[in-house]
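The values are calculated or read from the model by the stated rules, or taken from the named source; none is laboratory data. Note that the structure is predicted; figures quoted are calculated from it, not measured. Don't worry about glycine lacking a Cβ; one is built from the backbone with ideal geometry, like all the others, and counts go over all protein chains shown. Side chains included, ligands, DNA and RNA excluded: accessible areas come from the protein's heavy atoms. Shrake-Rupley method; radii C 1.70, N 1.55, O 1.52, S 1.80 Å.
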Amino acid sequence: DVTKPEEVAAAFAKSEKELGAPVSVVVYNTGAFSALPEKEEPFSLPYDKFVSDVTVGGTGAYFALQETISSFKRLPAETPKVFIATSNLLGVTPPVVNYMSLGLQKHTLAYLVQIGNKGYPDKGYRFYLATQVGEDGGHPGPEMSGEAHAIAYSNLIQRKERGGWDIRFIKDGSILTEN
């Protein structure tokens, strides 16, 4: 449960124990969505649902990043150190009213990824916001693919250079654009 720092820390500790080494790759693939009770009324979402959603997608990511950095600091220099936040276009586009809480989470992830790259420029740590898109750069529709995510993420992990932080890939896992 990413809303509880102690559970995030326990997940990292369990992974390290089972793998025999600190975690070197983290894929943050979580989010929460509460539909607006009144369509096109962005502030109609009850406060408790808003806080819950933002805690999962924003604060939870912060907890995960704290543990990620703790792990990265204990790894050999030659080990790839990669944090990939699974996202969608809501993280890099203007707001969509009916997806207010999810969009806020994805924008928060985008900001945290950028902060990671700016905060650790010489450490070899790499932070990405990864989004599957259609070949036109828009929503992928029925082409959404777990395999495409696996290929794109594997390629990001194996890179030697950081490259851009905003990664948009298509159904075959190849990168369409990066910023």
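Numerical summary
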read-out: Scan of the stretch 3-28 for residues that are assigned to a loop (DSSP other than H, G, I, E, B), within 26 Å of P76 (Cβ to Cβ) and open to solvent by 60 Å² or more (accessible area, probe 1.4 Å), ordered by number; value: G20
read-out: Restricting the stretch 107-137 to residues that are small (G, A, S) and open to solvent by 10 Å² or more (accessible area, probe 1.4 Å), the residue that is farthest from P76 (Cα to Cα); value: G137
read-out: Residues within the stretch 53-79 that are over 16 Å from H107 (Cβ atoms), part of a helix (DSSP H, G or I) and open to solvent by less than 60 Å² (accessible area, probe 1.4 Å), tallied; value: 8
read-out: Checklist (1) hydrophobic (A, V, I, L, M, F, W, C); (2) touching a helix residue (DSSP H, G or I) at 6+ places or on another chain (Cβ under 8 Å); (3) under 22 Å from A35 (Cα atoms) applied to L112, failing item; value: (3)
read-out: Pair list, Cβ < 7 Å and 6+ apart or interchain, from the stretch 153-179 residues that are loosely packed, with under 13 Cβ neighbours inside 10 Å to residues that are acidic (D, E); value: N179/D166
read-out: Lone unmet requirement of (1) exposed (fewer than 15 other Cβ atoms within 10 Å of the Cβ); (2) in a helix (DSSP H, G or I) for F50; value: (1)
read-out: Members of the stretch 5-36 that are of a type outside the set (S, T, N, Q), over 20 Å from V82 (Cα atoms) and in contact (Cβ under 8 Å) with a residue 12 or more places away in the chain; value: P5, A32, F33, A35, L36
